[in-house]
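The values are calculated or read from the model by the stated rules, or taken from the named source; none is laboratory data. Note that the structure is predicted; figures quoted are calculated from it, not measured. Heads up, the Cβs are rebuilt from the backbone with ideal geometry, glycines too, and the neighbour counts pull from every protein chain shown. Keep in mind that these areas ignore ligands, DNA and RNA; they rest on the heavy atoms of the full protein, side chains included. Shrake-Rupley method; radii C 1.70, N 1.55, O 1.52, S 1.80 Å.
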Amino acid sequence: MSEVASSALFAEVGECLHAWGNVEIEVSQLFMIVHAAKWDEFTHPLRAAFESVVALEARLDMIMASVQAIAGLENAYPPHFKSLRKKTLALYRKRHEIAHFVLIGRNDGDALQHRIKPFFTWAAFQNDTGRAELDIKQIRERRAAFLALAERFVHHRQHVGASLGLRPDLYAQAGMIAYPSLDLMVEPAEED
């Protein structure tokens, strides 16, 4: 396998996983704002407790339970968060494919094409079955989707902060894009 091709793929995988890390950070930021705690209090006990929970699904459930119990959020925000949760879990499955792979090469006509094979097994590789192999372009598309999701969490953080009547410096940072209320936007309908 070409060292240049493998280095390029490994670099894209690293960039993609780093983009997912931004999503994980924003999940914690949203949790802090839901509890009216300043988003950048990185040593806050509430953050420490939340971040001690490793499972993303459990973290998202903690946020949902909180928003359903907090006055000012309990009625209007849960449908918005439900949509965000569904999108997050769908992309989380895509993140697993980036995190658990083997670098492979396949002859495609006259050239050797390098890709990653998520959840590699020899049988799936030989029979060209299992999860779809991903090339650099597809990995970059996932990275862009992860970054867009992180930004969507920022939008939710701002919406929650404003809904709770918090000072903007508690949920935003100078120079950030100021998003409109989620109530003014049409989000795609999400099913259970």
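Observations, loosely collected:
- Within segment 96-146, the residues that satisfy the criterion of being hydrophobic (A, V, I, L, M, F, W, C) and either farther than 30 Å from residue 25 by Cβ or open to solvent by 80 Å² or more (accessible area, probe 1.4 Å) (or both) are 104, 111, 112, 119, 122, 123, 124, 125.
- So residue 27, is it closer than 20 Å to residue 172 by Cα, modelled with pLDDT of 95 or more and either touching a Leu at 6+ places or on another chain (Cβ under 6 Å) or of a type in the set (Lys, Arg) (or both): no
- If you go through segment 152-168 and keep only what is free of Cβ contacts under 8 Å to residues at least 60 places away in the same chain and in a helix (DSSP H, G or I), you end up with 155, 158, 162, 168.
- Taking the numbered list (1) closer than 21 Å to residue 75 by Cα; (2) in contact with a strand residue (DSSP E or B) (Cβ under 8 Å, 6 or more places away or on another chain); (3) basic (Lys, Arg) in turn, residue 152 passes all entries but (2).
Per-residue answers, yes or no, for (1) closer than 30 Å to residue 38 by Cα; (2) modelled with pLDDT under 90:
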| site | (1), (2) |
| --- | --- |
| 84 | yes, no |
| 96 | no, no |
| 100 | no, no |
| 111 | no, yes |
| 139 | no, no |
| 144 | yes, no |
| 155 | yes, no |
| 165 | yes, no |
| 188 | yes, yes |
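- Residue satisfying all of: in segment 94-117; touching a Gly at 6+ places or on another chain (Cβ under 8 Å) and without any contact (Cβ under 8 Å) to a residue 60 or more places away in the chain; farthest from residue 18 (Cα to Cα) among these: 113
- Listed conditions (1) open to solvent by 60 Å² or more (accessible area, probe 1.4 Å); (2) in a loop (DSSP other than H, G, I, E, B) are all met by residue 183, apart from (2).
- In the condition set (1) out of contact with any strand residue (DSSP E or B) (no Cβ under 6 Å at 6 or more places or on another chain); (2) under 28 Å from residue 57 (Cβ atoms), residue 97 is compliant with all but (1).
- Any hit, segment 116-130, residues being at pLDDT below 95 and hydroxyl-bearing (Ser, Thr, Tyr): yes
- Candidates 60, 103, 84, 149, filtered to the one that is in a helix (DSSP H, G or I) and under 29 Å from residue 7 (Cα atoms): 149
- Residues satisfying the stated conditions in segment 10-68, i.e. of a type in the set (Phe, Trp, Tyr) and crowded, with 17+ Cβ neighbours inside 10 Å: 20, 31, 39, 50
- Against the numbered list (1) in a helix (DSSP H, G or I); (2) without any contact (Cβ under 8 Å) to a residue 60 or more places away in the chain; (3) surrounded by fewer than 18 Cβ atoms within 10 Å (Cβ to Cβ), residue 174 comes up short only at (1).
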